[in-house]
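Beneath this line is the structure, given in structure tokens, with notes to follow.
The values are calculated or read from the model by the stated rules, or taken from the named source; none is laboratory data. Every value quoted in this text rests on a predicted model; they were computed, and no experiment measured them. Because the Cβ atoms are built from the backbone with ideal geometry, glycine has one as well, and the counts that use them run over all protein chains shown.
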Amino acid sequence: MEGLLFNVNNGYIEGIVRGYRNSLLTGANYTNMIQCETIDDLKLQLGPAYGDFLASLPPNPSTSSLAAKTTDKLVSEFRYVRANAVGSLAKFMDYLTYGYMIDNVALLITGTLHERDTRELLDRCHPLGWFETMPVLCVATNIEELYNSVLIETPLAPYFKGSLSHQDLDELNIEIVRNTLYKNYLEDFYNFVNTHPDMVGTPTAEVMSEILEFEADRRAINITLNSFGTELSKADRKKLYPSFGLLYPEGTLMLSRADDFEGVRLAVEGVQDYKSFFEAAGLGGGPGGPGNMAGGTGSEGKSLEDMFYQKEMEISKGAFTRQFTFAIVYAWVKLREQEIRNITWIAECIAQNQKERIGNYISVF
Amino acid sequence: MSGAADREAVFPTRQSLGLMKAKLKGAETGHSLLKRKSEALTKRFREITRRIDEAKRKMGRVMQIASLSLAEVTYAVGGNIGYQIQESAKAARFRIRAKQENVSGVLLPTFEAYTTEGNNDFAMTGLGKGGQQVQRCRETYARAVEALVELASLQTAFVILDEVIKVVNRRVNAIEHVIIPRTENTIKYINSELDELDREEFYRLKKVANKKQRDNAAQDAEMKARKEAQGAMDEKDQVADDGPSDILGAAAAEDEDVIF
């Protein structure tokens, strides 16, 4: 049914995005890239995929400028797609950017809290998370003003409402603010794809639910693991878990009570994928170092983080097997982001002459 | 004398000879002490050089690991977290204490690193993702900074010791090659001058003695002649006058000897 009228509005976009997907780097490309001796070689290898964007780089560019240029390409393509999107797809893509907006707002709040000139921070913001009223955030000089007059105007206002007051912004750690916002955002996004009349019952809802559920679980697990040994209390931690996902509600409850790596492992026991991740990570690093991308040690075993990325990429790749769905836009952005991370990683390894870890990238094509 | 020019401007007297001898003794003691100090410092210096070499190699390795772990953070977090870290850091966690170490009278500063416990300003950075990498990166960099602190204290010690060793060696050489020879020369000079004076004095005495002898001989001869002449003139009176006049002549002769 959904296929009948999908192409009227969204067919062009789907075609474009599928085209973009084909230009993603493949395993063969990566194999060529890891054999490069210098950044210039790498640049040459990236030539076909990123040609125009890398042209302005000086010889032997730094890895950060390389990453910046590759991100530029993603941003410009995203903007092109967004400009051509209409109706609920446009709304969907806006939702996609909210995640980046949260990061940007968190950055600006940090700046305001420490009374820095927030204007300088605008350059550091992620371009995908740019929204019209963002420069206005810089006008605010104290946190109350920021909250009362500026944040309300942003698309993120609903995420602040009800869970954060302006006192919270002052007192809470910015990371908690960020994660609270992100939780609200994920819930809202999940709600959006499952209730919007254009998407209910379509492959979009199906695929996006899978992706978002995974994302929610990943955040819950990560927050739990990373909060060990910090002043984040269990009750506060519980508030940061999104209220959906494969782990919800039983797993999250157990997560909120977990005290160590073992506790987390027990909590995720119910989900086969996560169970196998934890088994692999547990074997690789032991309870002491679950995220085993340790400097110098345990380079063989993949870290939990790596496996989550791998899983995310596989889900994203799977999204392209479906037709007539918005989820491919999301999947494409995620795949491209991973590609940028891979390129940065390989470039770092080449620049630092640390070839033994260079194979740590994630390639799904 | 060959070292005639290279001696101290003193009058060649017995007093200054004593002074010079004391000075020579002092210089020799000083020389041996300084020599020992210089050897102790050099030993230390070599050790420090070796440790600097080790520390530098270690630093190279540690920094490499550290920058790779930063790359890992970038990979895991998927963005730049520098600003966040800078803003959330409030108090220094890693601090150093400066101490002084005494090596043969040279004060060498040494830096000792320590971390203040319970000061974890950005424990929550990367809570959503990459937190473990951030923490690990922080630990790796803490190790790197530790290596740097060690290297810094070694380098400072190296520079100071180098300076001090140069000064001490200059002193040792100055004493060995300038002060001691010069003092010895001076002593030699004073000795030779004193000998010279002695010889002159001896010669003068001899001359005086000779003259006295001659004078005495002449006097004796005169006396004799006079006596004979008198004896010839009046033989009777001779017996009475003989004794006293003889005694006088002998006493006068003795006296003259004693006078000098």
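Worth pointing out:
- Flag for A:PHE53 being part of a helix (DSSP H, G or I) and closer than 24 Å to A:SER363 by Cβ: yes
- Hits in the stretch A:62-72 (condition: crowded, with 19+ Cβ neighbours inside 10 Å and either within 11 Å of another protein chain (Cβ to nearest Cβ) or within 21 Å of A:ALA331 (Cβ to Cβ) (or both)): A:THR63, A:ALA67, A:THR70, A:THR71
- Residues that are hydroxyl-bearing (Ser, Thr, Tyr) and more than 9 Å from every other protein chain (Cβ to nearest Cβ) within the stretch A:222-244 comprise A:THR224, A:SER233, A:TYR241, A:SER243, listed in sequence order.
- Odd one out for A:ALA83 among (1) within 14 Å of chain B (Cβ to nearest Cβ); (2) without any contact (Cβ under 8 Å) to a residue 40 or more places away in the chain; (3) small (Gly, Ala, Ser): (1)
- Top-ranked residue of the stretch A:297-317 - restricted to ones that are in a helix (DSSP H, G or I) and touching an Asp or Glu at 6+ places or on another chain (Cβ under 8 Å), ranked as nearest to A:ASN22 (Cα to Cα): A:ILE315
- The set of residues from the stretch A:126-143 being assigned to a helix (DSSP H, G or I) and without any contact (Cβ under 8 Å) to a residue 24 or more places away in the chain comprises A:PRO135, A:VAL136.
- Qualifying residue in the stretch A:20-29 (condition: surrounded by 14 or more Cβ atoms within 10 Å (Cβ to Cβ) and without any contact (Cβ under 8 Å) to a residue 24 or more places away in the chain): yes
- Some residue of the stretch A:188-200 being within 25 Å of A:SER149 (Cα to Cα) and either facing chain B (nearest Cβ under 10 Å) or of a type outside the set (A, V, I, L, M, F, W, C) (or both): yes
- Meets criteria (in contact with a Leu (Cβ under 6 Å, 6 or more places away or on another chain), more than 9 Å from every other protein chain (Cβ to nearest Cβ), outside any loop (DSSP other than H, G, I, E, B) and of a type outside the set (Lys, Arg)) for A:GLU339: yes
- Pair list, Cβ under 9 Å, 6 or more apart: the stretch B:148-169 residue farther than 15 Å from B:VAL103 by Cα, other residue outside any helix (DSSP H, G or I) and of a type in the set (D, E, K, R): B:VAL149/B:GLU112
- Checking each residue in the stretch A:101-125 for being out of contact with any Leu (no Cβ under 7 Å at 6 or more places or on another chain), among the aliphatic types (A, V, I, L, M) and either facing chain B (nearest Cβ under 10 Å) or part of a loop (DSSP other than H, G, I, E, B) (or both) picks out A:ALA106, A:LEU113.
- Residues satisfying the stated conditions in the stretch A:122-133, i.e. aliphatic (A, V, I, L, M) and surrounded by fewer than 18 Cβ atoms within 10 Å (Cβ to Cβ): A:LEU122
- Breaking point among (1) within 19 Å of A:LEU96 (Cβ to Cβ); (2) under 20 Å from the mean Cα position of the chain (by Cα); (3) in a helix (DSSP H, G or I), for A:PRO158: (2)
- Hey, B:ALA40 surrounded by 20 or more Cβ atoms within 10 Å (Cβ to Cβ) and part of a helix (DSSP H, G or I) or not: no
- Looking across the stretch A:89-113 at every residue that is closer than 26 Å to A:ALA331 by Cα and of a type in the set (Gly, Ala, Ser), the one that is modelled with the lowest pLDDT is identified as A:ALA106.
- Pairs with Cβ under 6 Å, 6+ apart, first in the stretch A:36-53 and more than 15 Å from A:ALA351 (Cβ to Cβ), second among the charged types (D, E, K, R) and assigned to a helix (DSSP H, G or I): A:TYR50/A:LYS73; A:PHE53/A:LYS69; A:PHE53/A:ASP72; A:PHE53/A:LYS73
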